[in-house]
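Inspection log for the structure reproduced underneath, given as structure tokens.
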Amino acid sequence: MDLIRVLLADDQQLVRTGVRLVLRREQGIEVVGEAADGEEILELVEQVPADVVVMDVRMPRMDGIEATRRICERAARPRVLVLTTFDLDEYVFGAIKAGASGFLLKDSGPRFFAEAIRVVHDGEVIIAPSTTKRLISHFMQRVPEPGKTPDQRAALLSRREREVLAAIATGLSNTEIAARMYLSEGTVRTHVSHILAKLGLRDRVQAVVFAFENGLVDAT
């Protein structure tokens, strides 16, 4: 099992200590550094090799959304899992727009939190259950008006790739897509990779936005 190296960014030392203690019990996950604000975590990312950054939102000097955006602009970067007390739409949408691969609340259970780190590390996207429906609803409202010309990149997708993209946009995991379409998970992963490459997208979050903005998902 590959070791998942984690950096923590939170202005409360007690929270960082609690997170570190939780992850210490998890096999294959190691905390390799801590920061108390956005500027510190940017410096740490430059100095310490890491796979996942667990990022708070409200921090002094630079907040977690801006720090996430700057990390995600890097060519080689860790994935970001936003962990916050505040279940507010502006934070969810801000984190996703900035490039975060996950958004969890601090009241999530230890096992769910550790699993979220593994999911994000594997290239998937995870959103706190309490915000998922609102998130999908938000994107539903962005479906283009009838007659609007879709992005020309959509024409590059095969029929099966469009089906996989629509499934991603409705929140299904690779395992769920595989079961629904009678495919192997490996085949689904290949389709996802091809979709991202053809559309020039960074990750599944951007794929969700693309699908809804170009009418590739049935919003009824």
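The values are calculated or read from the model by the stated rules, or taken from the named source; none is laboratory data. On a predicted model such as this, the values are computed, not experimentally measured, just so you know. Note that each Cβ is placed from the backbone with ideal geometry, even for glycine, and that neighbours are counted across all protein chains shown. In case anyone asks, the SASA skips ligands and DNA or RNA and just uses the protein heavy atoms, side chains included. Shrake-Rupley method; radii C 1.70, N 1.55, O 1.52, S 1.80 Å.
Points to keep in mind about this one:
- Residue match in the range 23-35 (condition: open to solvent by less than 60 Å² (accessible area, probe 1.4 Å) and in a helix (DSSP H, G or I)): yes
- Glu46 out of contact with any Cys (no Cβ under 8 Å at 6 or more places or on another chain) and under 12 Å from Ile117 (Cβ atoms): no
- Qualifying residue in the range 7-24 (condition: at pLDDT 90 or above and among the small types (Gly, Ala, Ser)): yes
- Among helices (runs of 4 or more DSSP H) entirely within the range 107-211, having at least 1 residues that are at pLDDT 80 or above singles out 110-121, 159-169, 174-181, 185-199.
- Members of the range 97-119 found to be closer than 17 Å to Asp63 by Cβ and out of contact with any strand residue (DSSP E or B) (no Cβ under 9 Å at 6 or more places or on another chain), listed by number: Lys97
- When residues of the range 155-192 are limited to those that are of a type in the set (D, E, K, R) and either touching a His at 6+ places or on another chain (Cβ under 7 Å) or open to solvent by less than 70 Å² (accessible area, probe 1.4 Å) (or both), the one farthest from Ala116 (Cα to Cα): Arg160
Rundown of residues vs (1) open to solvent by less than 50 Å² (accessible area, probe 1.4 Å); (2) in a loop (DSSP other than H, G, I, E, B); (3) in contact with a Gly (Cβ under 8 Å, 6 or more places away or on another chain), yes/no style:
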residue	(1), (2), (3)
Leu7	yes, no, yes
Arg16	yes, no, no
Glu46	no, no, no
Ala50	yes, yes, yes
Arg74	no, yes, no
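- Residue within the range 96-106 that is among the hydroxyl-bearing types (Ser, Thr, Tyr), open to solvent by 20 Å² or more (accessible area, probe 1.4 Å) and part of a loop (DSSP other than H, G, I, E, B) present: no
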